[in-house]
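Single-structure report; data block below.
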Amino acid sequence: MSIETKDKITEASKITFKDGKMIVPNKVAIPFIEGDGTGPDIWKATKKVLEAAIKKTYKNEKEILWVEVLAGQKAFDEKKDWLPKDTLDTIREFKVAIKGPLTTPIGGGIRSLNVALRQIFDLYACIRPIKYFNGIPSPVRNPEKVNLTIFRENTEDVYSGIEFKSNSDEAKKLIDFLKSLGHTVRAGSGVGIKPMSELGSKRLVRKAIEYAIQNKKPLVTLVHKGNIMKFTEGAFCEWGYAVAKSEFRAQIATEEETNINPALGSEKVLINDRIADSMFQQLLTRPDQYSVLATPNLNGDYLSDACAAQVGGLGIAPGANIGDEIAIFEATHGTAPKYANQDKVNPGSLILSGVMMFDHLGWSEAGKLIVDAFAKTITQKKVTYDLERLMTDATLVKTSEFADIIIQNMN
Ligand code: NAD
């Protein structure tokens, strides 16, 4: 599988959409951002594993034409631009991309390149599957009970960036305005806005329910703090039930409905809701009762990392940011700059993000091959430093060796 420049890619290798359905050619062009710091190491390992799985599963029937696009430090060094227009145009044109971690530029007005990508492409669903691999060191007693997929709303909530500094003119004006509405905010407060819309909430819950139906998951839980924030998080929950009932009536049943008719629970995707703080408790005490979580932005941020820690942490947690047409698959950890170019860190997060990308493309057989080989490599205790130091009798391997062993284990 080759690395091509954009101008060599023909129309036949581009992903297209017809009536809302994605059409993926067998020889498909996928842009990649290798990432900063340890990015090149984990990308090299990931590319090898993804290519081996395609070859093994589909012989020569399917192929990826990789198109490198620049972002982060590499883009700045070469083009004096952290996120070049050409990169954005290419991702927009090819629809599906994969990326390593990117350095957050200090100064220069860019808050985070990842946030910028999500906003520019309106990637409103952040998807984080959380699954335990046997043998991975975990801080909890039964990590194998965790098998969840979190759908986190990615564009609204307190992440909207509408915040005013304490004592600024804007904060004072807003406090005065709130006073005119009958609300007292202590003078000198910093103030922020938490917008949550019907459109934003419904499209996120819709994606979560579609995923549950397609993947035969039994339950979608709406996680909110609506008991306190009635018109934002409470509304998220109401809109979630509304989209479930209006668009998926034949395939779903609400918890309330199954209380009346328990038989519905075994036939349909169950929709329930939980208050966020109780969700944190229950994911520790009885995680096996949950399956797909649909959450507003902040709850999802906290929950994804807390759940990832339960199954062995950062180095192996994959993720995707998805919109209506464009999807970017990415390592969820940062650039770990102190280990750059040492062939040392765990490439698991990016490899498993590649598996998510295969599922998205409809190439799930190749994804399954990787997951099985990955699981086997862990049970053989051939692992990178982050896991080796927590396991007994494990063999320490480099990033590249870990990839090679996964490929051997595909046999
Ligand atoms: P980090 O994730 O890079 O590192 C946190 C800790 O986790 C470190 O101890 C590191 O050694 C370890 N770690 C991270 N990835 C690992 C892996 N694959 N295998 C083994 N150990 C791993 O977080 P940070 O130090 O806060 O951030 C460094 C840079 O990355 C910053 O510029 C930050 O803005 C950026 N960042 C980018 C992303 C992204 O691109 N998605 C996410 C988070 C942080």
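Readers should treat all values here as calculations from the given coordinates under stated rules, not as data from a laboratory. Keep in mind that this is a model prediction, so the values were computed, not measured. Ideal geometry is used to build each Cβ from the backbone, glycine not excepted, and the neighbour counts take in all protein chains shown.
Dividing the helix sum by the residues of the chain, where each DSSP H run of 4 or more adds -39500 (n - 2.57), gives a mean residue ellipticity at 222 nm of -12000 deg cm²/dmol.
In the chain, the C-alpha radius of gyration followed by the widest Cα-Cα span (Dmax) gives 22.2, 70 angstrom. For the peptides 243-251, 306-314, residues were scored by their other Cβ atoms within 10 Å and the scores averaged per peptide; the highest-first order is 306-314, 243-251. Structural descriptor for the chain: relative contact order 22 percent, calculated from alpha carbon pairs under 8 angstrom and at least 6 residues apart. Eigen-decomposition of the gyration tensor built on the alpha-carbon atoms of region 278-411 gives equivalent ellipsoid semi-axes of 25, 19, 16 angstrom, largest listed first.
The amide H of Thr149, built 1.01 Å from its N in the peptide plane, has Ile130, Val292, Leu293 as neighbours under 5 Å, considering only residues 5 or more places off or on other chains. Region 35-85 and region 217-262 have Cα centres separated by 39 Å.
In terms of its alpha-carbon gyration tensor, region 216-329 comes out rounded; the largest-to-smallest axis ratio a/c stays below the 1.5 threshold. Note on the chain: antiparallel DSSP beta bridges, both residues inside, total approximately 40 percent of the bridges counted. Classify region 1-150: rounded, prolate or oblate, from the alpha-carbon gyration tensor (a ≥ b ≥ c, eigenvalue square roots; a/c under 1.5 rounded; otherwise prolate if a/b is larger than b/c)? Oblate is the answer for region 1-150, as a/c is 1.5 or above yet b/c matches or exceeds a/b. Each residue of region 237-243 was assigned a 3J(HN,Hα) from its phi angle through the Karplus curve 6.51 cos²θ - 1.76 cosθ + 1.60 (θ = phi - 60°); the sequence is 5, 4, 5, x, 5, 5, 5 Hz, with glycine and proline shown as x. The distance linking region 4-33 with region 282-348 is 27 Å (Cα centroid to Cα centroid, whole angstrom). Bridges between two residues of region 1-156, per DSSP, are antiparallel at a rate of about 50%.
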